Amino acid sequence: MDSQSPNHPPANNLVPLTLTIRRIVYLSHIIDPAIPLWPGDPSVALETVAELDKEGYYLRRFSLGEHSATHMNAPNSFYPEGMSIDKYPAESLIAQAVVIDIRKQAASNTDYALTLADVLAWEQQYGQIPPKSVVLLFTGWQSKWSNQEAFFNQDASGGMHFPGFGSEATQFLLKERQIAGIGIDTHGVDSGQDTTFAINRLVLEQPRIVLENLTNLDQLPAIGTILVIGVLRLLGGSGSPVAVLALLP
């Protein structure tokens, strides 16, 4: 795939203008009425409004929350003057990605939060995280998607238990590595025990990327993936279900 043009100068970003793509992987779950939904979120509805044998064509309407299914959060989710989902520049929705695998830690501690030591250990093995990268956290939670009880892992008092990003690691990634955003295969970049959405607030204080409910992270290399994020440009939207594609070199 070659995006160079003799009539246009190269774009000022870190994504190679010429890509050799070996494989393309969906990182988004299929949307259906049975997907795990955050407590209080609207249900997913799919309604037929036109049928082939009656109207001559098939058409459905659908509805779901802006933060349901595989989705991206926007700054106005948490900041009154924050940017809405329709304002993200097109070029910001194509980005390189790195994958940090914490399945082993999450298997023994469902409340595990990514640490700075985890990040530095990853860099020791793969090299420094490039600026403008989206850091994807592979917790293994994608395998629980078809079981809402296991996916949210609520205790007797309703508290949720799933892994996420830790504050120190996230601040390091934002300030020292200048990342473009973060993503995860759970329903929140904040661990289930954090009811303040501290990591979301930290990342979305600037118009960066937050992706939640990703899947197929096991098919990605630790480094080298290019993400293509397809948002619904909902006017004033606090987020959007997204079709995320991983381009594998």
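Provide the FRET efficiency to the nearest 0.05 for the ALA222-ILE21 pair, computing r from the beta carbons and using R0 = 25 Å.
0.90
Under 5 Å between amide hydrogens, which residues at least 5 positions from ILE223 or on another chain qualify, with H placed 1.01 Å from N in the peptide plane?
Correct list: VAL99.
From the phi angles alone, apply the Karplus equation (6.51, -1.76, 1.60; θ = phi - 60°) to the stretch 204-221 and give each ³J(HN,Hα) in whole Hz, x where the residue is Gly or Pro.
Listing the rounded values in order: 8, 4, 10, x, 9, 9, 10, 10, 10, 6, 6, 9, 6, 5, 5, 8, 9, x Hz.
Near the amide H of THR186, under 5 Å away, which other amide H atoms are found, from residues 5 or more places off or on another chain, if H is placed in the peptide plane?
ASN213, LEU214
If you put +1 on each Lys and Arg Cβ and -1 on each Asp and Glu Cβ, how big is the dipole of the chain around its Cα centre, in Debye rounded to 20? Display every interim value, and only then the final one.
Details: 15 positive and 25 negative charges, 114 e Å.
Roughly 540 debye for the chain.
Pulled fully out, how much extra length does the chain show between GLU149 and GLN105, if you take 0.36 nm times their separation in residues and subtract their Cα-Cα distance?
Once the chain is fully extended between GLU149 and GLN105, it gains 13.8 nm.
What list do you get for THR48, THR139, THR215 if you sort them by fewest beta carbons within 10 Å?
THR48, THR215, THR139
At 0.36 nm per residue, minus the direct Cα-Cα distance, what do ILE31 and GLU205 gain on full extension? Give it in nm, one decimal, please.
Full extension from ILE31 to GLU205 adds 59.8 nm.
Report the gain in length on full extension from TYR126 to GLN171: 0.36 nm times residue separation, minus Cα-Cα distance, nm rounded to one decimal.
On the way: separation 45, 0.36 × 45 = 16.20 nm, distance 2.01 nm.
Result for the pair: 14.2 nm of gain on full extension.
Could you list ARG61, ARG233 so that the one with the fewest beta carbons within 10 Å of its beta carbon is first and the one with the most is last?
Numbers: ARG61 10, ARG233 13.
Fewest to most other Cβ atoms nearby, the residues stand as ARG61, ARG233.
Using the Karplus equation 6.51 cos²θ - 1.76 cosθ + 1.60 (θ = phi - 60°), what ³J(HN,Hα) coupling, rounded to whole Hz, does each residue of the stretch 173-180 give in order, writing x for Gly and Pro?
Result, ordered by residue: 5, 6, 7, 8, 10, 6, 6, 8 Hz.
Which of rounded, prolate, oblate describes the stretch 91-249, given a ≥ b ≥ c as roots of the alpha-carbon gyration tensor eigenvalues and a/c under 1.5 marking rounded, otherwise prolate only if a/b is larger than b/c?
Here the stretch 91-249 falls in the rounded category.
List TRP38, TRP141, TRP122 from most exposed to least, where exposure is judged by having the fewest other Cβ atoms within 10 Å.
Lowest to highest Cβ neighbour count: TRP38, TRP122, TRP141.
Could you tell me which of rounded, prolate or oblate describes the stretch 22-82, using a ≥ b ≥ c as the square roots of the eigenvalues of the alpha-carbon gyration tensor, with rounded for a/c under 1.5 and, failing that, prolate when a/b is larger than b/c and oblate otherwise?
The shape class here is prolate.
At 222 nm, what value in deg cm²/dmol follows for the chain if DSSP H runs of at least 4 each add -39500 (n - 2.57) and the sum is divided by all its residues, to the nearest 500?
-4000 deg cm²/dmol
Find out how many positive minus negative residues lie around ALA198, taking Lys and Arg as positive, Asp and Glu as negative, among other residues whose Cβ is under 13 Å from that of ALA198.
After counting each charged neighbour, the total is -3.
Amide H of ALA243: which non-local residues (sequence gap of 5 or more, or other chain) have their own amide H closer than 5 Å, using H built in the peptide plane?
Sorted by chain and number, the residues that satisfy this are GLY230.
Give me a comma-separated list of calculated 3J(HN,Hα) values for the stretch 25-41, in order, Karplus coefficients 6.51, -1.76, 1.60 applied at θ = phi - 60°, integers in Hz, x for any Gly or Pro.
10, 6, 10, 10, 6, 5, 8, 8, x, 9, 5, x, 10, 4, x, x, 6
Quick one: grab the alpha carbon gyration tensor of the stretch 63-171, order the square roots of its eigenvalues as a ≥ b ≥ c, and give me rounded if a/c is under 1.5, else prolate or oblate depending on whether a/b is larger than b/c.
Cα axes put the stretch 63-171 in the oblate bin.
Values in this text are rule-based calculations from the coordinates and carry no lab data. What you are looking at is a predicted structure, and each value in this text was computed from that prediction instead of being measured. All Cβ positions, glycine included, derive from the backbone under ideal geometry; neighbour counts span all protein chains shown.
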